[in-house]
Amino acid sequence: MRFIIDIPEGSRSGIYRIKNNKDGRVYIGRTKNFDVRAAQHKYNFETGRCNWKIGLMIKQHPDIEFRFEVEEETSDLKGREESLIAEYCAVECGFNVLRTDEEFCRMKYRPRKDKPVKKEKPVKEKKERKITFGWLKSCKTAKKWASKYGR
């Protein structure tokens with residue numbers, strides 16, 4: 001597996017594309033710093049920490065090549081990323097897993113259906129306990145505790 005980074009000089013933030021050489025499928029992403037994000041992707045690809053679609057492709061084709069390219073520089077990162085994901089069909093035919101940030105939030109914070117919500121138990125009043133030392137009465141520590149706690 002090879003990961004090639006192709007970033008023009010002076011590029012700062014915008015939309016990027018990661019394309020493979022086998023079938024041309026793409027991953028579309030956004031970033032505020034192309035250099036840092038490309039390095040993160042390269043590390044994740046090499047260590048197997050990428051999403052499941054990319055991981056499966058790497059497993060099936062160990063000689064695959066991925067290329068990190070700048071798609072466009074823009075300040076409207078979120079809106080433009082979502083439109084390019086739809087344009088490239090990057091979820092259905094590519095490597096993206098989600099179309100929008102809202103899908104991510106719904107997945108991350110939705111209540112699980114398989115686990116019932118726990119009911120709160122009524123709080124019981126605590127009873128005052130007397131400390132008993134039983135067979136420890138001969139122990140010096142027990143005698144100190146007994147005198148300290150009123151026994």
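The values are calculated or read from the model by the stated rules, or taken from the named source; none is laboratory data. The structure displayed is predicted, hence computed values, not measured ones. Glycine gets a Cβ as well: all are built from the backbone with ideal geometry, and neighbour counts include every protein chain shown.
Does Asp114 qualify as being farther than 14 Å from Arg17 by Cα, at pLDDT 90 or above and not in a helix (DSSP H, G or I)? Let's see the steps before the verdict.
On the way: farther than 14 Å from Arg17 by Cα: yes; at pLDDT 90 or above: no; not in a helix (DSSP H, G or I): yes.
For Asp114, the condition - farther than 14 Å from Arg17 by Cα, at pLDDT 90 or above and not in a helix (DSSP H, G or I) - is not met.
Residue by residue through region 45-59, note down the ones that are assigned to a loop (DSSP other than H, G, I, E, B) and hydrophobic (A, V, I, L, M, F, W, C).
Quick first cut of region 45-59, residues assigned to a loop (DSSP other than H, G, I, E, B) only: 48-51.
Answer for region 45-59, where residues must be assigned to a loop (DSSP other than H, G, I, E, B) and hydrophobic (A, V, I, L, M, F, W, C): just Cys50.
Is at least one residue of region 126-138 part of a loop (DSSP other than H, G, I, E, B), modelled with pLDDT under 70 and in contact with a Pro (Cβ under 8 Å, 6 or more places away or on another chain)? No, region 126-138 contains no residue that is part of a loop (DSSP other than H, G, I, E, B), modelled with pLDDT under 70 and in contact with a Pro (Cβ under 8 Å, 6 or more places away or on another chain). The number of residues in region 43-54 that are closer than 15 Å to Phe95 by Cα and either of a type in the set (Phe, Trp, Tyr) or modelled with pLDDT of 90 or more (or both) comes to 5. Within region 50-77, the set of residues being basic (Lys, Arg) and surrounded by 12 or more Cβ atoms within 10 Å (Cβ to Cβ) comprises Lys53, Arg67.
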